[in-house]
Structures are given as C-alpha cells and as structure tokens.
Amino acid sequence: QVQLVESGGGLVQPGGSLRLSCAASGSTFRDNTMGWYRQAPGKQRELVATSGSSGNINYADSVKGRFTISRDNAKNTVYLQMNSLKPEDTAVYYCSYKIGLVRSWGQGTQVTVSS
C-alpha cells in the first residue's frame, strides 16, 4: 500500500504559476513511475505528466513548454511546476504512483485559474 500526500494547489490568475508536490510513503519501490493527472468538471481524468525512476518523462501536448515535472527519489517526492497557467488548466490534479500495473492515487488538489 502506497500513500500519497499532495500539496500546492490553489487559486491563481491567468499567466500565473503554481507548484504542486506529492510525497509517497508506505510500500514504495525503487522502480516506479510518478506523475500527475487532472480531471475537470464533466471531463475524464487525463494525463498531465509522468516521470519514471529511470529518467523517462512524458507530457501531455497541452502542457508542453509550460509545465515541468521533476522528482526527488531520495524523498519519494514528485513536483509539478506549472507556469503560464490558463483557465483551461482548471481541474483537480491527482498524483499517481505506479509500480508495474498497480497504480495508487492521491486525494487530489484543486487548481483554479481565474481572474
């Protein structure tokens, strides 16, 4: 069992920045993929960015050039730096921790981009 604790969401104006953090604890494993997904009202959950422990990184096209994912393996923590935020980035952001085919989710943190 892996527990994920997210932080860093909030309200920001268009063009602003936020940084999300997610710390994993419990039955963590060295070979894993951590990442972020988001779900806007009335929409399906979608991938934002993922980072594998081997160094591979993947971004959704909609956030490329604006968001940066990074991780601290010693702390089992993943970060998402979000710049140039747009109203369409408004969603609940969920942290994901995957080992093989088993995925754990965080409780979600709200990000609202509005003037």
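The values are calculated or read from the model by the stated rules, or taken from the named source; none is laboratory data. The shown structure was predicted, so the numbers you read here are calculated from the model rather than taken from an experiment. No Cβ is skipped: glycine too gets one built from the backbone with ideal geometry, and neighbour counts run over all protein chains shown. Calculation scope for accessible area: heavy atoms of the full protein, side chains included, ligands and nucleic acids excluded. Shrake-Rupley method; radii C 1.70, N 1.55, O 1.52, S 1.80 Å.
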Hand me the tally of lysine pairs in the chain: alpha carbons under 23 angstrom apart, and the pair either on different chains or 8 or more positions apart.
-> 6
Rg/Rg_globular for the stretch 1-66, with Rg_globular taken as 2.2 N^0.38 Å and Rg from C-alpha atoms = 1.26
For the chain, built as a Gaussian network whose Cα springs stay under 10 Å, the top-fluctuating residue of Ser70, Ser62, Ser53 | Ser62
Hey, what's the chain come to in accessible area per residue, 1.4 Å probe, Å²?
-> 54
For the chain, what ratio Rg/Rh do Cα atoms give with a Kirkwood hydrodynamic radius?
-> 0.95
Inter-probe distance in nm under a simple model that places probes 7 Å from Cα toward Cβ, at Gln44 and Ser84 | 2.7
Binned at 5 Å from zero, the C-alpha pair distances of the stretch 53-115 give percents of 4, 13, 23, 27, 19, 10, 3, 1, 0
May I ask what percent, to the nearest 5, of DSSP beta bridges between residues of the chain are antiparallel?
-> 95
